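The values are calculated or read from the model by the stated rules, or taken from the named source; none is laboratory data. Quantities reported herein were computed from a predicted structural model and do not represent experimental measurements. Note that each Cβ is placed from the backbone with ideal geometry, even for glycine, and that neighbours are counted across all protein chains shown. Please note that ligands, DNA and RNA were not included when accessible areas were found on the heavy atoms of the full protein model with its side chains. Shrake-Rupley method; radii C 1.70, N 1.55, O 1.52, S 1.80 Å.
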Amino acid sequence: MVQSRVEDLSPVVKKVSVELGPDRVKDALDRAYTGLSRTVKLKGYRAGHVPRRLVERYFADDVKKDVAQKLVAGSIHEALEEHKLEPVAPPRVENGDVKPGEPFKYVATVEVRPRVEPKDYIGLSAPKIEVNITDEAVEARLTELRRDQAMFVPVEGREVAELGDYAVAEYDGFVDGGPLRGAKRDNVLLELIPGSLLENKAEQLVGARVGETREIALTFPPDYAAADLRGKDARFQVKVKGLKKREEPALDDQFVQDLGGEAKTVDELRQKLREEMAAHEKERKQGEQREALLSALVEKNPIEAPPALVERNVDAMLQSMLEGFHRRGIDVRQLGLNVDRLRDDLRSRAALEVKGYLLLEVIAEKEAIEVTEEDLDKHLAKLAGELKQPVEKIRQAFRRQDSGDSLKGRMRQDKALAFLLEKANLT
């Protein structure tokens, strides 16, 4: 028999204390020792004929640890079902000791969804979506494209560095009176504008001649990626080996064609950029609108979010951010990101999303919002078009990953959100 009781640590965290009787412990130990006796080898005994007393003498600790894990695995679901608890994450278990002739006790900390009766979710306030891409914004994007396609060409007719130049340099760093490991670099391109050498900026080289060496001092920031360097003063010996300048291409049809896209003329590129910027701006404002709607919903229905779901959402947000850097060709290792601080920064928004989507689930239940097969087919068709893959291949991928129910759950939340938006007060 499984005896258990539940203690509320919070609306979403439960402490489940479980006790298994001595007979169940004895059966588990007997099975473990019998199985081990068949395979263990000890000098002077044939395999399968080692006396149990010797098996216990040499392997008791390992057997008891294994039995404890099996007793928990074989009983935790019984205890959860008895108290109608549905964990949102694997329970955290503190095992007791396995002792022959005594009950086995353990404690499981379980996170569950909060129980809530949603209210006041009709007429929530949210901003309207209005998108207006100005001519100035399009021209600024064209300038960025030209800057991205710029080439670095040698400076001719002078050997003295000027503000805005790029110096081809070699340098070595020193801290605490000795060399700074990993700081020796060659053929680095430094932009001669205000900023830190850590960002490849070196205004201190303005006025230097090619071949000249200058010392640049800096202090590592308090949140620098390498903890042992935070707040320390360093000196860098920087030698100017050459000077370069950025040369941007002219804005003409040839430039557009060199980009290799669908647009062939400057006017076509302007139109394409305007459409892309409008789509991006609409997506951004939809995100703001969704966040405002969820904030208003949570304000009307204060609930606690299970910590495990919040951390899982932080993981997903961080992964999405890193993938975005990768798609833009940014080497994350060069950014010196403080991941712990980044997680802290994301946690409040992650908690808001978790609370909002938990409320959307119960609103969907209350309003009888369901995802039909037609809804699923339309979603998969849209996804297939975005990925340029056959619909059936996308469908099979979800089946292989056994994530169909998860997809339907997200789609149901989205339909509930659309329902709230339809009933919202847009200002």
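Taking Lys41 as the residue in question, decide whether it is part of a strand (DSSP E or B) and of a type in the set (D, E, K, R).
When the stated conditions are applied, Lys41 does not pass them.
Sort through Val354, Val362, Val371 and tell me the only one that's assigned to a loop (DSSP other than H, G, I, E, B), open to solvent by less than 70 Å² (accessible area, probe 1.4 Å) and either of a type in the set (D, E, K, R) or touching a residue at least 40 places away in the same chain (Cβ under 8 Å) (or both).
One residue alone meets the criteria, Val371.
Residue by residue through the stretch 408-427, note down the ones that are over 15 Å from Ile369 (Cα atoms) and under 25 Å from the mean Cα position of the chain (by Cα).
None; the set is empty.
What are the residue pairs meeting all of these: first residue in the stretch 137-157, first residue over 14 Å from Lys245 (Cα atoms), second residue exposed (fewer than 12 other Cβ atoms within 10 Å of the Cβ), Cβ atoms under 9 Å, and 6 or more apart or on different chains?
Pairs found: Arg146/Ala250.
Among the residues of the stretch 1-38, count how many are outside any strand (DSSP E or B), of a type in the set (Val, Ile, Thr) and under 18 Å from Asp97 (Cβ atoms).
Summing the residues that are outside any strand (DSSP E or B), of a type in the set (Val, Ile, Thr) and under 18 Å from Asp97 (Cβ atoms) in the stretch 1-38 gives 1.
Is it true that Leu318 is surrounded by 15 or more Cβ atoms within 10 Å (Cβ to Cβ), assigned to a helix (DSSP H, G or I) and without any contact (Cβ under 8 Å) to a residue 40 or more places away in the chain?
Criteria met by Leu318.
Quick check: anything in the stretch 324-347 in contact with a Lys or Arg (Cβ under 6 Å, 6 or more places away or on another chain) and assigned to a helix (DSSP H, G or I)? First the steps, then the outcome.
Of the residues in the stretch 324-347, the ones in contact with a Lys or Arg (Cβ under 6 Å, 6 or more places away or on another chain) are none.
No, because not a single residue in the stretch 324-347 is in contact with a Lys or Arg (Cβ under 6 Å, 6 or more places away or on another chain) and assigned to a helix (DSSP H, G or I).
Return the pair list, or none, for Cβ contacts closer than 6 Å from residues in the stretch 54-70 that are closer than 22 Å to Gly44 by Cα to residues that are hydroxyl-bearing (Ser, Thr, Tyr) and surrounded by 14 or more Cβ atoms within 10 Å (Cβ to Cβ), at least 6 apart or on different chains.
Val55/Tyr33; Val55/Ser37
Here is a yes/no grid of residues against (1) more than 30 Å from Asp345 (Cα to Cα); (2) surrounded by fewer than 17 Cβ atoms within 10 Å (Cβ to Cβ):
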site: Val210; (1), (2): yes, yes
site: Asp223; (1), (2): no, yes
site: Val240; (1), (2): yes, no
site: Leu251; (1), (2): yes, yes
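Looking at this structure, is Glu117 within 24 Å of Val310 (Cα to Cα), in contact with a Phe, Trp or Tyr (Cβ under 9 Å, 6 or more places away or on another chain) and exposed (fewer than 15 other Cβ atoms within 10 Å of the Cβ)?
Here the answer is no, as Glu117 does not meet what is asked.
Can you pull out the residues in the stretch 57-97 that are over 23 Å from Lys14 (Cβ atoms), open to solvent by 40 Å² or more (accessible area, probe 1.4 Å) and either in contact with a Phe, Trp or Tyr (Cβ under 7 Å, 6 or more places away or on another chain) or not in a helix (DSSP H, G or I) (or both)?
If the condition is that a residue be over 23 Å from Lys14 (Cβ atoms), open to solvent by 40 Å² or more (accessible area, probe 1.4 Å) and either in contact with a Phe, Trp or Tyr (Cβ under 7 Å, 6 or more places away or on another chain) or not in a helix (DSSP H, G or I) (or both), then Asp97 is the only one that fits.
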